[in-house]
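Notes follow the structure.
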Amino acid sequence: MHELFISYCRHDLDDANALADTLSKAGLSVWLDRKAIQEGDAFDTQIEQAIAQTRVVIVIWSEHSVKSHWVRAEAAYALGKRKLLPISIDQCEPPLQFMQIQTIDFRYWDRTSNHHAFQQLAGALAKRLAASAASTDTQLRSVSQTLVALSADAVEHPAKTILEAWIAAAGLRFPETVIEKEYQDYFCGETFIIAQFAMLLAVATYAVYGAADIAMESGGVLSTRFRFMIALPLMATFFALSFRPFARRHSQAFIIAFGIVGIVCTYINVYLIAADSPFRIDNGNATMNAMLMLGFLALLPLSVGSAIVLGSIIVAGHAGVVMQAGMLLWVSWLFYLHVTSMFTVACCIAYWRERFYRTAFAAEFSYGVS
């Protein structure tokens with residue numbers, strides 16, 4: 001007899017497999033039809049028996065599964081047996097029949113047992129299995145205790161709780177996790193087109209400066225080749241990939257990855273230009289490029305934390321380049337002042353932008369609730 005039955009739509013096979021594997025590693029016996037039965041098939045008696053013989057039925061709700069008559073039938077049968085435990089992997093609403101049943105949010109699950117979504121599921125499963133475990137069922141009690149231990153990991157460290165409270169007090173986080181996740185989706189929907197514009201502008205600027213270097217003979221062969229054969233195609237690829245669904249789904253990580261690639265390419269180009277050009281580091285090459293990068297950082301719709309991290313990388317990289325060039329502090333302090341000032345401006349822009357969107361979201365959310 002299996003402890004768990006997972007009901008899902010064939011479009012969500014990867015998520016179902018990941019969940020089944022993670023639950024199996026926790027010691028649970030999982031029934032999963034990995035062939036993902038096609039629409040139109042009969043409600044097979046084997047599936048009906050499998051549900052009847054399991055203790056908990058996990059239904060994976062998604063934009064595809066809510067339209068599946070098969071998944072709806074399995075969920076309804078499990079509900080009648082009081083075995084239903086639903087999770088959602090996107091922003092869809094469960095069918096009307098199941099909207100009053102608490103659904104665990106798995107939209108941001110990283111497919112590990114350490115994530116808070118899985119720990120919440122583990123806690124719910126522990127209660128269900130403990131309630132149905134017979135006093136002589138030693139194996140099931142052991143599994144239930146393992147799940148309790150996993151769910152206990154969801155208790156946050158006091159220092160983390162204090163830090164999150166400070167961030168919330170600064171207006172950069174909503175206290176409720178669910179509302180914070182809703183805001184992240186809202187922020188992506190409102191600003192991702194700005195990120196795409198910033199990527200396109202970065203590519204265009206990179207090309208224009210390359211053409212200017214060639215025209216003024218201020219760039220060398222190595223830097224020109226690197227700019228047009230490696231850096232520009234790489235950054236243009238990011239812009240093209242920004243139109244793919246996964247880029248929008250993981251918008252902050254995608255934008256940060258683009259920023260890191262841009263930073264690395266720019267500093268490589270700084271060294272290549274300095275090697276065979278009159279425009280060297282000691283007369284402002286690195287500083288000008290660092291300030292340009294910080295300008296694009298201010299344009300990218302990043303959270304304040306991400307902006308500070310990327311900006312710090314740019315500032316540290318500039319300092320490293322200047323020090324490696326052997327420039328003393330009392331000679332190069334003006335370079336540091338320019339870059340630090342631009343970094344401060346970029347962080348302030350990121351802060352007020354995030355405050356603006358959080359205020360707008362809070363207003364819309366309050367209106368929707370009322």
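The values are calculated or read from the model by the stated rules, or taken from the named source; none is laboratory data. Note that the structure is a prediction, hence the values are computed from the model and not measured. Quick reminder, even Gly has a Cβ in these numbers, built from the backbone with ideal geometry, and neighbours come from all protein chains shown. These accessible areas exclude ligands, DNA and RNA; they are computed on the full protein's heavy atoms, side chains included. Shrake-Rupley method; radii C 1.70, N 1.55, O 1.52, S 1.80 Å.
When each of the peptides 59-68, 80-89, 111-120 is scored by how many other beta carbons lie within 10 Å of its residues on average, the order from highest to lowest is 59-68, 80-89, 111-120.
Surface calculation, 1.4 Å probe, protein heavy atoms: Met229 sits at approximately 140 Å² accessible.
Taking a ≥ b ≥ c as the square roots of the eigenvalues of the Cα gyration tensor, an a/c ratio of 1.5 or more together with a/b larger than b/c marks region 183-238 as prolate.
Rounded to the nearest 20 debye, the dipole magnitude of region 172-330 is 260 debye, with +1 charges on Lys and Arg beta carbons, -1 on Asp and Glu beta carbons, and the Cα centre as origin.
A 1.4 Å probe, protein heavy atoms only, puts the accessible area of Ile260 near 80 Å².
Put simply, the amide H of Trp61, placed in the peptide plane, has neighbours under 5 Å in Ile87, Ser88, Ile89, leaving out anything fewer than 5 places away on its chain. Label region 222-370 by shape, choosing from rounded, prolate and oblate, from the square roots a ≥ b ≥ c of the eigenvalues of the Cα gyration tensor; if a/c is under 1.5 it is rounded, and otherwise prolate applies when a/b is larger than b/c, oblate when it is not. Oblate. Heavy-atom accessible area with a 1.4 Å probe sorts Leu292, Leu163, Leu32, largest first, into Leu163, Leu292, Leu32.
With a 1.4 Å probe and all protein chains in place, put Arg10, Arg353 in order of accessible area, largest first.
Listed by decreasing accessible area, they come as Arg10, Arg353.
Taking all protein chains together and rolling a 1.4 Å probe, Met288 ends up with roughly 70 Å² accessible.
Residues Trp31, Trp70, ordered by accessible area of protein heavy atoms at a 1.4 angstrom probe radius and largest first, appear as Trp31, Trp70.
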